[in-house]
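This report concerns only the one structure given below.
The values are calculated or read from the model by the stated rules, or taken from the named source; none is laboratory data. Everything numeric here is computed off the predicted structure, so don't read it as measured data. Note that we place each Cβ from the backbone using ideal geometry, even for glycine, and neighbour counts take in every protein chain shown.
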Amino acid sequence: MTKVITTGNFKGGVGKTTNAVMFAYTLSKQNKKCLLIDLDPQANATDLLLNTMSSVYQTKPVFKETLFEAIKHKNLSEALINVKDNLDLLPSYEDLQGYERFLYSTFDDDYSQDHYFSTLLANIKDNYDYIILDVPPQLNKFTDSALVSSNYVIVILQTQERSLRGAEKYIEHLLQIQGDYKLDLDLLGVLPVLQQNGSELDLDVINDANESFGEQNIYTHKIKQMARLKRFDRTGITDNVKDVNDRRVHAVYKEVVEETINRMKMLEGE
């Protein structure tokens, strides 16, 4: 069965987009068919993957219409871009800013507005093993559309106080929408992204997160500060086995993805 995962936090700039993309990229390397959906009008995930196509694979994107046009025309497959083997992208563009207005003008109630995207996704989801959604760091229809479409949520926690507050509010909303719509939606865990590897602040925030969310809900593996990871925005995602910095980044995400899969198995009783 296809696993649909949203990465979230109501604080921006915490590494949510980078982790969403790296999750999809890493799973695709493991011969899993993956789709990354960029439901954020800022299009940072789209920029990273298109840059990877042009800079690393020397390919150009081919698609028939933008994601927003595909949403209006009820056919998401028209917007699909193949990034690399086992990895497709539903890209964001500026016109996606009209998504909420479209929902409000088309549907009269929250339920219909929030479930519309999931009905479209149902037509293509069986083509994939994993679908990862990236959304804006705000409470809006992008976030609710993603949550309704998902089986799982990973909360990205940068080790700073505002990110912790954003994570708490995000989980509160997750529980509310889960109850309101009776969703089959589970929290996979809270993934810490360290600001200063091993600093006192990092440890303090992680300790606070353990108290707020329960230690069992905090990922054992952490995303440490890595200059190469930041460089991917400029160079695209490089994966040179002879480059120690590339190897380090991909080794970290391999471990995090393995923990994610194990967490899913535990929730599913395997």
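Being of a type outside the set (A, V, I, L, M, F, W, C) and closer than 18 Å to Ala20 by Cβ is the filter here, so list the residues in segment 49-66 that pass it.
Step one: of segment 49-66, the residues of a type outside the set (A, V, I, L, M, F, W, C) are 51-52, 54-55, 57-61, 64-66.
Matches in segment 49-66: Asn51, Thr52.
State whether one or more residues within segment 28-47 are hydroxyl-bearing (Ser, Thr, Tyr) and part of a strand (DSSP E or B).
no
Looking at segment 82-125 only, could you name the residues that are in contact (Cβ under 8 Å) with a residue 40 or more places away in the chain, loosely packed, with under 14 Cβ neighbours inside 10 Å and among the polar types (S, T, N, Q)?
Gln97, Asn123, listed by residue number.
Name the one entry in Lys254, Lys169 that is at pLDDT 95 or above, under 26 Å from Lys84 (Cα atoms), among the charged types (D, E, K, R) and in a helix (DSSP H, G or I). Give the steps one after another, and end with the answer.
Values: Lys169 fails: under 26 Å from Lys84 (Cα atoms).
Step by step, each of Lys254, Lys169 is checked, and only Lys254 is at pLDDT 95 or above, under 26 Å from Lys84 (Cα atoms), among the charged types (D, E, K, R) and in a helix (DSSP H, G or I).
Just the residues that are buried (at least 22 other Cβ atoms within 10 Å of the Cβ) and modelled with pLDDT under 95, please, taken from segment 142-162.
Gln158, Thr159
Would you check which residues across segment 1-36 are at pLDDT 95 or above, touching a helix residue (DSSP H, G or I) at 6+ places or on another chain (Cβ under 8 Å) and among the hydrophobic types (A, V, I, L, M, F, W, C) and list them?
Val4, Ile5, Phe10, Ala20, Val21, Met22, Phe23, Leu27, Cys34, Leu35, Leu36
Within segment 48-78, track down each residue that is assigned to a helix (DSSP H, G or I), buried (at least 17 other Cβ atoms within 10 Å of the Cβ) and among the polar types (S, T, N, Q).
We begin by selecting, within segment 48-78, every residue assigned to a helix (DSSP H, G or I); these are 48-55, 67-72, 76-78.
This time we only want the ones that are buried (at least 17 other Cβ atoms within 10 Å of the Cβ), so: 48-50, 52-53, 67-68, 70-71, 76.
Listed by number, the list holds a single entry, Thr52.
Does any residue in segment 14-27 that is within 19 Å of Asn86 (Cα to Cα) come within less than 9 Å, Cβ to Cβ, of a residue that is crowded, with 24+ Cβ neighbours inside 10 Å and of a type in the set (Lys, Arg) six or more places away or on a different chain, and which pairs are these?
Cβ pairs passing all conditions: none.
If Ser77 satisfies every condition in (1) of a type in the set (S, T, N, Q); (2) over 30 Å from Gly189 (Cα atoms); (3) without any contact (Cβ under 8 Å) to a residue 24 or more places away in the chain but one, which is the exception?
Just one mismatch for Ser77, condition (3).
Does at least one position in segment 238-251 carry a residue that is in contact with a strand residue (DSSP E or B) (Cβ under 9 Å, 6 or more places away or on another chain) and either closer than 21 Å to Leu49 by Cβ or in a helix (DSSP H, G or I) (or both)?
no
So Leu89 fits all but one of (1) in a strand (DSSP E or B); (2) within 18 Å of Tyr116 (Cα to Cα); what number is the exception?
(2)
How about segment 215-228: which of its residues are touching a Lys or Arg at 6+ places or on another chain (Cβ under 9 Å) and either more than 23 Å from Arg263 (Cβ to Cβ) or at pLDDT 95 or above (or both)?
Once the filter is applied, which keeps residues that are touching a Lys or Arg at 6+ places or on another chain (Cβ under 9 Å) and either more than 23 Å from Arg263 (Cβ to Cβ) or at pLDDT 95 or above (or both), segment 215-228 yields Tyr219, Arg228.
Give me the residue from segment 229-245 that is over 17 Å from Asn19 (Cβ atoms) and either surrounded by 17 or more Cβ atoms within 10 Å (Cβ to Cβ) or of a type in the set (A, V, I, L, M, F, W, C) (or both) and, out of that set, modelled with the highest pLDDT.
In the first step, residues of segment 229-245 are kept if they are over 17 Å from Asn19 (Cβ atoms); the result is 234-235, 238, 240-245.
Now drop any that are not either surrounded by 17 or more Cβ atoms within 10 Å (Cβ to Cβ) or of a type in the set (A, V, I, L, M, F, W, C) (or both), which leaves 241, 244.
Details: Val241: 94, Val244: 97.
If we take residues in segment 229-245 being over 17 Å from Asn19 (Cβ atoms) and either surrounded by 17 or more Cβ atoms within 10 Å (Cβ to Cβ) or of a type in the set (A, V, I, L, M, F, W, C) (or both), then Val244 is modelled with the highest pLDDT.
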